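What follows is a single structure, written as structure tokens, with notes after it.
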Amino acid sequence: MVKHTGGCHCGAVRYEVEGESLTHALCHCSDCRRHAGAPMVGWTMYPQASVRVTRGEPAVYESSEHGRRRFCRDCGTGLFYSNAQTLPGLIDVQSATYDDPDAVPAKVHIQTAERIAWMEHAHELPTFERYPPKA
Ligand SMILES: [Zn+2]
Ligand SMILES: [Zn+2]
């Protein structure tokens, strides 16, 4: 069975996921954006039983009535999202926290109704392998 490992930036929380993800969505909602402090957040969805925390214990933030965001209390990295009402039995793993984030490619953009306007064309911006040359 396919297995992926990942964890937070400082290493205090580590996890393991087993099996194929149900989807991999790039979420543009304002809750994800504000909690992550990032323009969008990638989520791979799994049945709850497929995800196991192997080190540490994430803290829980109640980001909405039923939304629960788990993150590392030491370094702040967002790790998991669950919602017993809208996603019973499921858990979303913040896909950029995989040890190999290329392993499970993103499939869709969701919640684009709340997307930052300039994000629609972000892929058209000039790119630099490191930084722009100094003027
Ligand atoms: Zn950490
Ligand atoms: Zn979201």
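The values are calculated or read from the model by the stated rules, or taken from the named source; none is laboratory data. Source: prediction; values computed, not measured. Note that each Cβ is placed from the backbone with ideal geometry, even for glycine, and that neighbours are counted across all protein chains shown. Surface areas here come from the heavy atoms of the whole protein model, side chains and all, with no ligands, DNA or RNA. Shrake-Rupley method; radii C 1.70, N 1.55, O 1.52, S 1.80 Å.
Please say if the chain is rounded, prolate or oblate, where rounded means a/c under 1.5 for a ≥ b ≥ c the square roots of the C-alpha gyration tensor eigenvalues, and otherwise the choice is prolate for a/b larger than b/c and oblate otherwise?
Details: a/c = 1.60, a/b = 1.38, b/c = 1.16.
Prolate, because a/c is 1.5 or more and a/b exceeds b/c.
Between residue 99 and residue 54, what length in nm is gained on full extension when 0.36 nm per residue of separation is reduced by their alpha carbon distance?
Gain on extension, residue 99 to residue 54, equals 14.8 nm.
Rounded if a/c is under 1.5, else prolate if a/b beats b/c, else oblate: with a ≥ b ≥ c from the C-alpha gyration tensor eigenvalues square-rooted, which is the stretch 82-130?
The shape class here is oblate.
Of all accessible surface on the chain at a 1.4 Å probe, what whole percent is carbon and sulfur?
Numbers: 4380 of 8620 Å².
So the carbon and sulfur contribution to the accessible surface is 51 percent.
Which whole-number percent is the relative contact order of the chain (Cα, under 8 Å, 6+ apart)?
RCO, the chain: 29 percent.
For the chain, set up a GNM with springs between Cα atoms under 10 Å and report which of 111, 48, 85 has the largest fluctuation.
Fluctuation is largest for 85.
Using the heavy atoms of the protein chains alone and a 1.4 angstrom probe, what is the accessible area of the chain per residue in square angstrom? Walk me through the numbers before you get to the answer.
Values: 8620 Å² over 135 residues.
That works out to 64 Å² per residue.
How would the stretch 43-119 be classified by its alpha-carbon gyration tensor: rounded, prolate or oblate, with rounded meaning a/c under 1.5 and the a/b versus b/c comparison settling the rest?
Numbers: a/c = 1.39, a/b = 1.20, b/c = 1.16.
Rounded shape, in that the Cα axes give a/c under 1.5.
Please compute the net charge surrounding residue 80, taking Lys and Arg as +1 and Asp and Glu as -1 over other residues with Cβ under 12 Å from its Cβ. Before the final figure, lay out each step's value.
Details: positive: 52, 68, 69, 70; negative: 57, 92.
Net charge in that neighbourhood comes out at +2.
Not counting ligands, DNA or RNA, and with a 1.4 Å probe, what is residue 119's accessible surface area in Å² rounded to the nearest 10?
30 Å²
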